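Reading through the structure tokens given below for one structure.
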Amino acid sequence: MKDLNVPLIHDLPDDKRLEVIDENGDTQVYEIVLTFHSDELGKSYVVYKEPGDSDEVFAASFNEENKDGGQLSAIETDEEFDMIEEVLNTFLDDDGHAHD
């Protein structure tokens, strides 16, 4: 039986929806947690997760100027991972909830 507390993928608003085509050509839909730009590193980043109450998050860099979508790029350095973690922790409060 389907868990009714988990939002359906198509219920995500467009500004919170990230569609990723995996290596098999299948489209996976994720929920955007936050996006931000690092002037220091000269890159834009997206932090995303599976829709619902999942605590596991993923991060990638992307080309902010490509408004029709674009290719996500893997995080390349420990410096990037540390910076993303710091931004995410600032975005979330101590209970793991987004600030209003």
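The values are calculated or read from the model by the stated rules, or taken from the named source; none is laboratory data. As the structure is a computational prediction, the values presented were derived from the model and not from experiment. Heads up, the Cβs are rebuilt from the backbone with ideal geometry, glycines too, and the neighbour counts pull from every protein chain shown.
Residue pairs whose Cβ atoms lie under 9 Å apart, separated by 6 or more positions or on different chains, with the first residue in segment 28-40 and within 16 Å of Leu92 (Cα to Cα) and the second among the basic types (Lys, Arg), are Glu31/Lys16; Glu31/Arg17; Glu31/Lys49; Ile32/Lys16; Ile32/Arg17; Ile32/Lys49; Val33/Lys16; Val33/Lys49.
Which one of these is in a strand (DSSP E or B) and modelled with pLDDT under 90: Glu31, Glu64, Glu76, Glu19? Just one listed residue meets the conditions, Glu19. Of all residues in segment 27-62, those being surrounded by 12 or more Cβ atoms within 10 Å (Cβ to Cβ), charged (D, E, K, R) and more than 18 Å from Glu79 (Cβ to Cβ) number 3.
In segment 11-26, the residue that is farthest from Ala74 (Cα to Cα) out of those that are loosely packed, with under 10 Cβ neighbours inside 10 Å and either in contact with a Gly (Cβ under 7 Å, 6 or more places away or on another chain) or without any contact (Cβ under 8 Å) to a residue 12 or more places away in the chain (or both) is Pro13.
Residues considered: Ser38, Ser44. Of these, the only one that is among the polar types (S, T, N, Q), within 18 Å of Met83 (Cα to Cα), touching a His at 6+ places or on another chain (Cβ under 6 Å) and at pLDDT 90 or above is Ser44. Taken over segment 43-58, the criterion of being outside any loop (DSSP other than H, G, I, E, B) and of a type outside the set (D, E, K, R) is satisfied by Ser44, Tyr45, Val46, Val47, Tyr48, Val57, Phe58.
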